1. Could you list, in sequence order, the residues of region 396-416 that are surrounded by fewer than 16 Cβ atoms within 10 Å (Cβ to Cβ) and either part of a helix (DSSP H, G or I) or outside the structural domain of Phe446 (by the TED database) (or both)?
2. Looking at region 155-187, which of its residues are open to solvent by less than 40 Å² (accessible area, probe 1.4 Å), without any contact (Cβ under 8 Å) to a residue 40 or more places away in the chain and hydrophobic (A, V, I, L, M, F, W, C)?
3. Can you tell me which residue among Asp389, Asp458 is farther than 27 Å from Ala334 by Cα, in contact (Cβ under 8 Å) with a residue 60 or more places away in the chain and open to solvent by 30 Å² or more (accessible area, probe 1.4 Å)?
4. Within region 297-314, restricting attention to residues that are over 29 Å from His260 (Cα atoms) and open to solvent by less than 70 Å² (accessible area, probe 1.4 Å), which residue is nearest to the chain's Cα centre (by Cα)?
5. Would you be able to tell me the number of residues in region 436-447 that are under 28 Å from Lys280 (Cβ atoms) and either of a type in the set (Lys, Arg) or open to solvent by less than 90 Å² (accessible area, probe 1.4 Å) (or both)?
6. Which is more than 30 Å from Ala86 (Cα to Cα), open to solvent by less than 30 Å² (accessible area, probe 1.4 Å) and not basic (Lys, Arg), of Thr207, Thr222, Thr196?
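The values are calculated or read from the model by the stated rules, or taken from the named source; none is laboratory data. Everything numeric here is computed off the predicted structure, so don't read it as measured data. Quick reminder, even Gly has a Cβ in these numbers, built from the backbone with ideal geometry, and neighbours come from all protein chains shown. The area values use the complete protein model at the heavy-atom level, side chains included, leaving out ligands, DNA and RNA. Shrake-Rupley method; radii C 1.70, N 1.55, O 1.52, S 1.80 Å.
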Amino acid sequence: MGTVHARSLEPLPMAGPDFGALGEEAELVEVEPETKQEILENKDVVVQHVHFEGLGRTKDDIIMYEIADVFKAKNLIDVMRKSHEAREKLLRLGIFRQVDVLIDTCQGDDALPNGLDVTFEVTELRRLTGSYNTMVGNNEGSMVLGLKFPNLLGRAEKVTFQFSYGTKETSYGLSFFKPRPGNFERNFAVNVYKVTGQFPWSSLRETDRGISTECNFPVWKTNHTVKWEGVWRELGCLARTASFSVREESGHSLKSSLSHAMVIDSRNSSILPKRGALLKINQELAGYTGGDVTFLKEDFEFQLNRQLFWDSVFSASLWGGMLVPIGDKPSSIADRFYLGGPTSVRGFSMYSIGPQSEGDYLGGEAYWAGGVHLYTPLPFRPGRGGFGDLFRTHFFLNAGNLCNLNYGDGPRAHLKKLAECIRWSYGAGIVLRLGNIARLELNYCFPMGVQAGDRICDGVQFGAGIRFL
């Protein structure tokens, strides 16, 4: 971690924000304490110069956007605060390994009595970096190897090659990322990829080869992503025992789609939040820009978290979605929704709710799922203040339904069908938070409302992932 140093102006007032320790090498000026206090609290200061040490291939213009507010500081505390904010912005660019800040009195012929110089000492990342790590998805794990070319053209551009080998999916891809100078949240990315996935609940194998472009930008308190994707899909049977319905879906298709996602997220953590809310809305239109797959797809996710007494947390979630085929061609098994498993409606096997044929689950064109949860500390609080705080006791009630709709019947008939044959479950268990990466659940489940063809997991069920109902 970098530090913020202020020379010749010690000591700092105790009421000021803490932006890092002062270095032992700081010089002390022989003045009366009253004068120092007056300098810090009652005197305006002017940032005359901002210097950078350690820049190599980074362009000056991208840096100037990030440190512009430092020149607007009016007093020493303001200078330190804005310097610290500038340091965080520089680190967020992903082009520096370390950033330190040094604040000193201005020297030279043009120095003002209240003038300050701010120096940023930076260490740039290497031109090529590699990484190796493991990643946890929704009830699957994978090994990820990556190569990155950070700051490729000197303005925080990044080219990444990534190979992932997992329990159900293998992929590799090449991506280019470009942020907007002065506004990192506004960025543009291009991806070229190949993904091969296995879906044993449907006896299906899918290989996607595609290209996508996306633009991310904030609007007020919301974050938006607009994306175009063109993908050549190849579907095949995973086993000889695959049903005729799955064999009928096998073959090649070309999907070209436009999508938009809006996210409002005020949660304090995305893995196991204690407070805050999440609203995510997605729309996807396929076929308008070409291809032989045509549909309109809408889905949403809502979550509300509230901290209660005794460090317990109440959480409520609601998911829903609908897919409408356009034209006479039916929807594809690769585009439909799936429901059930330890990350959605617990007590049921992975994606084992809804339409099926000869034991292969085909997905549905409409679904909803909801849940309420109570998270409490472990009984007697073992390991409190340390490792024990990563564990929580979990009580839950989940419900949901997945089906196909006749879109000629009208909204009232749709709601009636979604309200029929509701699957639900309840139970309790233990939750382990793995930092901000993923979470593990071990629950004892009681599935209810089981319909013919559903596959249940009555009793102990294990789940791992990043997105849970």
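1. Once the filter is applied, which keeps residues that are surrounded by fewer than 16 Cβ atoms within 10 Å (Cβ to Cβ) and either part of a helix (DSSP H, G or I) or outside the structural domain of Phe446 (by the TED database) (or both), region 396-416 yields Pro411, Arg412, Ala413, Leu415, Lys416.
2. Answer for region 155-187, where residues must be open to solvent by less than 40 Å² (accessible area, probe 1.4 Å), without any contact (Cβ under 8 Å) to a residue 40 or more places away in the chain and hydrophobic (A, V, I, L, M, F, W, C): just Val159.
3. Values: Asp389 fails: in contact (Cβ under 8 Å) with a residue 60 or more places away in the chain.
Unique residue meeting the criteria: Asp458.
4. Val313
5. First pass over region 436-447, keeping only residues under 28 Å from Lys280 (Cβ atoms): 436-443, 445, 447.
Restricting the remaining residues to those that are either of a type in the set (Lys, Arg) or open to solvent by less than 90 Å² (accessible area, probe 1.4 Å) (or both) gives 438-441, 443, 445, 447.
Within region 436-447, residues that are under 28 Å from Lys280 (Cβ atoms) and either of a type in the set (Lys, Arg) or open to solvent by less than 90 Å² (accessible area, probe 1.4 Å) (or both) number 7.
6. Values: Thr222 fails: more than 30 Å from Ala86 (Cα to Cα); Thr196 fails: open to solvent by less than 30 Å² (accessible area, probe 1.4 Å).
Every option except Thr207 fails the conditions.
For every residue, the table says whether it meets (1) over 22 Å from the mean Cα position of the chain (by Cα); (2) outside any strand (DSSP E or B).
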{"position": "Ile211", "(1), (2)": "no, no"}
{"position": "Asn223", "(1), (2)": "no, no"}
{"position": "Lys227", "(1), (2)": "no, no"}
{"position": "Gly230", "(1), (2)": "yes, no"}
{"position": "Gly236", "(1), (2)": "yes, no"}
{"position": "Arg240", "(1), (2)": "yes, yes"}
{"position": "His252", "(1), (2)": "yes, no"}
{"position": "Ser256", "(1), (2)": "yes, no"}
{"position": "Ile264", "(1), (2)": "no, no"}
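Quick grid of which residues meet (1) in the same structural domain as Pro325 (by the TED database); (2) aromatic (Phe, Trp, Tyr); (3) more than 22 Å from Asp328 (Cα to Cα):
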{"site": "Leu272", "(1), (2), (3)": "yes, no, yes"}
{"site": "Gly276", "(1), (2), (3)": "yes, no, yes"}
{"site": "Gly287", "(1), (2), (3)": "yes, no, no"}
{"site": "Phe300", "(1), (2), (3)": "yes, yes, yes"}
{"site": "Gln307", "(1), (2), (3)": "yes, no, yes"}
